[in-house]
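The structure under discussion appears below in the form of structure tokens.
The values are calculated or read from the model by the stated rules, or taken from the named source; none is laboratory data. Keep in mind it's a predicted model, so treat the numbers as computed, not measured. Heads up, the Cβs are rebuilt from the backbone with ideal geometry, glycines too, and the neighbour counts pull from every protein chain shown. When the accessible area is computed, the model is the full protein with side chains, heavy atoms only, and any ligands, DNA or RNA have been set aside. Shrake-Rupley method; radii C 1.70, N 1.55, O 1.52, S 1.80 Å.
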Amino acid sequence: MKVAYITDDIYLEHDTGIAHPESKQRLIAINKAVEPLRHKLTKREPIWVSKEILQRVHSSEHIEHIIEASEYGIPIDSDTICSKDSYKAATKAAGAGIVAIDGIKKGEFERAFCAVRPPGHHATPTQAMGFCLFNNIAVAARYAQSNGYEKVMIVDFDVHHGNGTQDTFYEDDTVFYFSSHQAFAYPGTGMENEKGAGRGEGFTANFLVMPDSGDSELLDIYENDLSVYVDRFKPDIVLVSAGYDLHESDPLAQLNVTTEGIRKIVRLILDSADVPFVFFLEGGYDVDALGRNVKVTLEEMLKK
């Protein structure tokens, strides 16, 4: 498989401050860990995404708020930080997905991994939160639809529920949101009875796992549930919120998934449909484990 690896040094300039878990050290560790695979990957750089494309998901007020917060270094909240280069980094984080979709459409590669920061899946159409400024995967979903991929499936294995992604598509029957996440964790959304509304009813599926769950509980979801929804929805493309904070070493969560378990989850996702796949980095805050986990993801993506 031809796999693009999309990243940029501008992501290192998003300064969250001393001791913040979502630091540039995450991306530095990932880039170091995947170095042995570089010769197999198609390197691409993200674009600066336009306001017009961002506005397919986010309100103009939200975008202007991020611009202003970045200009003056004003934090959105105690967790979600803006420095002078945060808007630039965030527009290129969203821009990575645009490059991925364009490259797949042109036949340059079949899969892509977007090694970006800040992450995105907590950002709602009107609110930055949970370390996230713009919802990178939601922006990519709308862009994919404008390029002929009418039915988009989003799979989110981050330990935290992607409330922003769910909010964006909750009443939409053209985007299916599938999430597994730890119960009782931030942000407290993603109950199993949240299945969509209006035209989108039945196009959201949430799977809660209890603290201390490990490989077997997560693999059960991806072996026995994901394929049912994929077969029913028949997506044209699958986008993945790849959050590695479900790993046993992560300091911000209480799941016990191993690196080998993550490899198997990724394999099950890739085997679920014969369509293009784009992965977006979300969480994962033990930097050494994060590098290893992204590396095994790319190893699986490079296989048929």
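Of note:
- Test for Glu194: is it surrounded by fewer than 17 Cβ atoms within 10 Å (Cβ to Cβ) and among the charged types (D, E, K, R): no
- 1 or more residues open to solvent by less than 50 Å² (accessible area, probe 1.4 Å) and under 23 Å from Lys295 (Cα atoms): qualifying helices (runs of 4 or more DSSP H) within the range 13-76: 24-33
- Positions within the range 194-225 being in a helix (DSSP H, G or I) and in contact with a Lys or Arg (Cβ under 7 Å, 6 or more places away or on another chain), in sequence order: Leu219
- Residue ID - nearest to Leu239 (Cα to Cα), chosen from residues in the range 126-159 that are open to solvent by 10 Å² or more (accessible area, probe 1.4 Å), in contact with a helix residue (DSSP H, G or I) (Cβ under 6 Å, 6 or more places away or on another chain) and not in a helix (DSSP H, G or I): Asn147
- One residue alone among Tyr170, Tyr143, Tyr177, Tyr186 is closer than 26 Å to Pro21 by Cα and among the hydroxyl-bearing types (Ser, Thr, Tyr), and that residue is Tyr186.
- Note on the range 255-304: residues that are outside any helix (DSSP H, G or I) and either buried (at least 20 other Cβ atoms within 10 Å of the Cβ) or of a type in the set (A, V, I, L, M, F, W, C) (or both) total 17.
- Annotation: of all residues in the range 160-178 being in contact (Cβ under 8 Å) with a residue 60 or more places away in the chain and polar (S, T, N, Q), the one that is surrounded by the most Cβ atoms within 10 Å (Cβ to Cβ) is Thr165.
- Residue satisfying all of: in the range 77-88; over 19 Å from the mean Cα position of the chain (by Cα) and polar (S, T, N, Q); surrounded by the most Cβ atoms within 10 Å (Cβ to Cβ) among these: Ser83
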